[in-house]
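The values are calculated or read from the model by the stated rules, or taken from the named source; none is laboratory data. Everything quoted here is computed from the prediction, not taken from an experiment. All Cβ positions, glycine included, derive from the backbone under ideal geometry; neighbour counts span all protein chains shown.
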Amino acid sequence: MTRQQEIPRVYDDRQQLRQDIIDENLRESEEPYLMTVNLSALEHLGINLYSNLAAVLTEAVANAWDADARTVDIRIDATADSIVITDDGIGMTVEDMNKKYLRIGYRRREDESLPRKLTDKGRQIMGRKGLGKLSLFSIADRIEVHSAKDGQRHGLRMSVAGILESVKNHEPCYRPASLPTNDVAVASGTKIALQNIKRQRIDHAVANIRKRLARRFSIIGEQFDFQIKINGQPVTTEDRGDLPIVQFLWKFGGYELEKSADNQVLEQEILPHRDENWPADWKLRGWIGTARQPKQLDNKGTGNLNGIVILARGRLIHANILDQVNDGKLYTKYLTGQIEANFMDQDDQPDIATSDRQRIQEDDQRYIKLAAFLRINLQQIERRWIEWRRQHEVKAAKKTSPALEEWLDILPPKFRPYAETLIAKLSALPIDDETNRKLLYRHGILAFERMRLRESTKQLIESVQDVDKLLRVLADRDSLEGALYCDIVKSRLEAIEKFQSIVDNDAKEKVIQEFLFDHLWLLDPAWERVTASETMESNLIKEGVIVRDLTKKEKLGRIDNAYRTSAGKHIIIELKRATRKIDLIDLVVQGHGYVKKLKKFYSKREINRRISKSFSFPANPLRI
């Protein structure tokens, strides 16, 4: 019998009652000291500890898991300002309610009735500190708990106002009000009804709570015989919203993805699941992935997915370890993932989680070693990400822009990797209009070509770390174009001077011919070659035209250069050394020979009518 039950009179002074109980404890102990916990501590441990709906419901779901429930059903009625959480677990007797649920700080993992530290179904226990149930007060002013076990049906009602009243009156404990048996709404399991919801805490979260809870648990589905429902609809792994946007994937150990997610991944790789210096029972499961575009990770429903969640025993224990291991490089803006590290929550080790169970104490050696291991693996992820990204993004860009493909193909090999990296970055920028993307490609190519002339393309690529920096590089396109045109003018002046030197030195016709083929603009910027090939001593037979009735002299004839004008006319250039003397008659004969020869070629292609019209012999033969 307790000291309180021995007191024969009714105490009007509750503070005196509390003091009598403390005095009795002191008399029964050999030590002169006694630590007491004031009821006001509840205000800090529960009422003001949690700030969001997902964190609160995580505690309720964890309790249902520990109670061996198969289903926990969460009903949210925003119009009635109520949330009802029902599970089909083992339920509680009145004694269980007092000794376990209402006992702040009850540690189920230390319960002697669980010698294996597992539930009857063999589940690892999620709860640890015995404070989670207090989180309900952070979103509701009044709470009802209904439960049934071993034929007992009972319930109670608690309120924030009642707790604060007990604190104000310096009472040693808070006594919830009992519910009439007829009002208890369960025949088995437990039901928790949250009433008078604090709307400022949940209004923005209700619509997306399914996605947020999915990210907080890895024990959802048939494999674990556990299901979470929100308003009757099951929460699934697809609700997490991360795997459907993953482009490249890295898996730890033998982790297997759902088939639907695996089909969308373009590339994947296996990473080691433990460090060789770790204890034998330390290992990881899970994955890290990269999205195609950073904007895909900014999800209003699930929050920002640009992070790596750490779970232990099937529930979230650290919201984002990427904050700790982020090296600031570009690839980290594309990262998302979930890692299960059960060694972070071992029974024989100190509790590593903070009071609100959302983060890990970052000075703990387990966390330090995990962060160091991830930093090493992120280096491998970055290298592979750059390689895969360049390969796939460039391939996609080529499909949408043939001109881009042509530009990449003609680049010297030493510049191509840098150009592909630039294109990969440009292709992933958050631009919805493909016309604007092509315009961005064009400006990017212009900048690249300018930097290529300066042998500084690597500097250009490495400087582009985000959209803002890239736009600053490409924004001054007028100066880039001006600089490029300056280089073009300079190179053409050098070509003119070289051509002048060739002519002055009385070079052979073949030398002049080769130079003109490389610098067509010397003759006329509007002229184009007849074909895409740069055949030098072409008699057009090499172009696939076979004519059997050419005379021996015609077969020996050589066309030095052939062009097509913008008007569609064909022009043949006959080159003679400046020192060579030639009669006008010889030029006329040679010109007529060319016309006759070409007519034979093109009549074979059934375009004789156009040839006759286009290749008219000029009145002044000196123009040939």
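Residue check: is residue 351 over 22 Å from residue 251 (Cβ atoms) and touching a Gly at 6+ places or on another chain (Cβ under 9 Å)?
Working: over 22 Å from residue 251 (Cβ atoms): yes; touching a Gly at 6+ places or on another chain (Cβ under 9 Å): no.
In short, no.
How many residues are among the hydrophobic types (A, V, I, L, M, F, W, C), at pLDDT 85 or above and assigned to a loop (DSSP other than H, G, I, E, B) if we restrict to the stretch 96-129? Write out each step before concluding.
Within the stretch 96-129, the first condition is being among the hydrophobic types (A, V, I, L, M, F, W, C), and the residues that meet it are 97, 102, 104, 114, 118, 125-126.
Adding the requirement that they be at pLDDT 85 or above leaves 97, 118, 125-126.
Now restrict to residues that are assigned to a loop (DSSP other than H, G, I, E, B): 125-126.
Going through the stretch 96-129 one residue at a time, the tally reaches 2.
Of everything in the stretch 268-298, what is outside any loop (DSSP other than H, G, I, E, B), surrounded by fewer than 18 Cβ atoms within 10 Å (Cβ to Cβ) and either touching a helix residue (DSSP H, G or I) at 6+ places or on another chain (Cβ under 7 Å) or at pLDDT below 90 (or both)? Give them in sequence order. Don't jump to the end; show me each part of the working.
Filtering the stretch 268-298 for residues outside any loop (DSSP other than H, G, I, E, B) gives 268-271, 285-291, 294-298.
Okay, now just the ones that are also surrounded by fewer than 18 Cβ atoms within 10 Å (Cβ to Cβ), so 268-270, 295, 298.
269, 295, 298 - these are the residues of the stretch 268-298 that are outside any loop (DSSP other than H, G, I, E, B), surrounded by fewer than 18 Cβ atoms within 10 Å (Cβ to Cβ) and either touching a helix residue (DSSP H, G or I) at 6+ places or on another chain (Cβ under 7 Å) or at pLDDT below 90 (or both).
Among the residues of the stretch 214-238, how many are out of contact with any helix residue (DSSP H, G or I) (no Cβ under 8 Å at 6 or more places or on another chain), surrounded by fewer than 21 Cβ atoms within 10 Å (Cβ to Cβ) and modelled with pLDDT of 90 or more?
Going residue by residue through the stretch 214-238, those that are out of contact with any helix residue (DSSP H, G or I) (no Cβ under 8 Å at 6 or more places or on another chain) are 218, 222-225, 227, 229, 231-232, 234.
Right, trim to surrounded by fewer than 21 Cβ atoms within 10 Å (Cβ to Cβ) and you get 222-225, 227, 229, 231-232, 234.
When the remaining residues are screened for being modelled with pLDDT of 90 or more, the result is 224-225, 227, 229, 231-232, 234.
Residues flagged as out of contact with any helix residue (DSSP H, G or I) (no Cβ under 8 Å at 6 or more places or on another chain), surrounded by fewer than 21 Cβ atoms within 10 Å (Cβ to Cβ) and modelled with pLDDT of 90 or more within the stretch 214-238 amount to 7.
Of the numbered conditions (1) out of contact with any helix residue (DSSP H, G or I) (no Cβ under 7 Å at 6 or more places or on another chain); (2) in contact (Cβ under 8 Å) with a residue 60 or more places away in the chain; (3) aliphatic (A, V, I, L, M), residue 160 satisfies every one except a single condition; which is it?
Result: residue 160 passes all but (1).
Report yes if residue 425 is part of a helix (DSSP H, G or I), touching a residue at least 40 places away in the same chain (Cβ under 8 Å) and surrounded by fewer than 17 Cβ atoms within 10 Å (Cβ to Cβ), otherwise no. Give the steps one after another, and end with the answer.
Numbers: part of a helix (DSSP H, G or I): yes; touching a residue at least 40 places away in the same chain (Cβ under 8 Å): yes; surrounded by fewer than 17 Cβ atoms within 10 Å (Cβ to Cβ): no.
No: the conditions fail for residue 425.
Restricting the search to the stretch 400-413, which residues are surrounded by 10 or more Cβ atoms within 10 Å (Cβ to Cβ) and under 18 Å from residue 440 (Cβ atoms)?
Step one: of the stretch 400-413, the residues surrounded by 10 or more Cβ atoms within 10 Å (Cβ to Cβ) are 400-401, 403-408, 411.
Scanning the stretch 400-413 gives 400, 401, 403, 404, 405, 406, 407, 408.
Quick check, is residue 307 over 30 Å from residue 119 (Cβ atoms), modelled with pLDDT under 85 and assigned by TED's automatic domain parsing to the domain that holds residue 277?
Here the answer is no, as residue 307 does not meet what is asked.
Could you look through the stretch 48-85, keep only residues that are modelled with pLDDT of 90 or more and over 19 Å from residue 212 (Cα atoms), and pick out the one that is surrounded by the fewest Cβ atoms within 10 Å (Cβ to Cβ)?
Applying the filter and picking the extreme gives 70.
When only residues in the stretch 239-267 that are of a type in the set (Phe, Trp, Tyr) and at pLDDT 85 or above count, which is farthest from residue 341 (Cα to Cα)?
Taking the stretch 239-267 first, the residues of a type in the set (Phe, Trp, Tyr) are 248, 250, 252, 255.
When the remaining residues are screened for being at pLDDT 85 or above, the result is 248, 250, 252.
Numbers: 248: 22, 250: 16, 252: 11 Å.
Within the stretch 239-267, the match that is farthest from residue 341 (Cα to Cα) is 248.
One residue is enough: does the stretch 363-378 have a residue meeting the conditions more than 29 Å from residue 132 (Cβ to Cβ) and in contact with a strand residue (DSSP E or B) (Cβ under 9 Å, 6 or more places away or on another chain)?
Scanning the stretch 363-378 turns up at least one residue that is more than 29 Å from residue 132 (Cβ to Cβ) and in contact with a strand residue (DSSP E or B) (Cβ under 9 Å, 6 or more places away or on another chain).
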